[in-house]
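Quick note: the coordinates plus some simple rules give every number you see, no bench work behind them. What you see is a predicted model; the values in this text were computed from it and never measured. Note: ideal-geometry Cβ built from the backbone for every residue, glycine included; neighbour counts use all protein chains shown.
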Amino acid sequence: MLKLAVLISGGGSNLKALLDAAADPAYPARVVAVGSDTDAAGLAHAEAAGVPTFIVRPRDYATREEWGQALAAAIREHGVSGVSAPGPASGPGSASGAGSASGPTSDPDPVRDAAREPGLVVSAGLMRILPAGFVRAFSPNLINTHPALLPLFPGAHAVRDALVAGATETGVTVHVIDEGVDTGPALRRAAVQVRPGETEEELHERIKQLERPLLVETVREIAAGELDLRIAASGAVDETDHRRDRS
Ligand code: GAR
């Protein structure tokens, strides 16, 4: 079972989609904690689902890196380490994969086995750039959902920027986070045609209608070991080639 730490800044509709999916015992991931940089309204979704929440505010730290260290510590407290310790069950980026059945070579100690799982950090509407030290600590088990067809329209105003640019098509990209701003390798995308006269809010809501199921499905693929984040993070292949060879 892949452990998810979800990071949000706003209403948390993508978080809600993950929580709803994870309520199904057949879904191979669970949200173990939800963090924010602010008093995000979406934290209420976690509280309603009985999932622990935490807030780590940048203003309480002298530098972005120190904020990132505090955020990482809060995530680790909930059992998402970001680190694959040596051993047979080392998480979604490993050959054995998160959620894989324990084979004859698996550690027989379930506590030690669980401690080896790096888990997955999901940035789902976190409106902050994660500092480099944080990214290095969790990479490649760190993904983001972004409301544009990256590399077009990175940054905090992707939907507005697409409209201002006169784009006729935009969409959503779920990608591995690297140390740049929305520059990490894409995992999955979905496209939306822009309607004439559409407002930013209308377009963003139509994007989110595709984004929520895309994020849920991408996390499922990672948790099921069908999508390999180490291969994706290497950037060596395009997004259609990240599936494991199951032959
Ligand atoms: C989502 O559309 C997400 O892609 C976007 O914020 C929205 C959060 O919606 N993130 C960014 O723009 C990051 N640059 P939600 O709070 O309803 O899930």
request  = Pull out the extension gain between residue 55 and residue 199, defined as 0.36 nm times the separation in residues minus the alpha carbon to alpha carbon distance; nm, one decimal.
outcome  = 48.7 nm
request  = Provide the FRET efficiency to the nearest 0.05 for the residue 62-residue 132 pair, computing r from the beta carbons and using R0 = 25 Å.
outcome  = 0.95
ask   = What relative contact order, as a whole-number percentage, does segment 143-208 give when Cα pairs under 8 Å and 6 or more residues apart are counted?
value = 35 percent
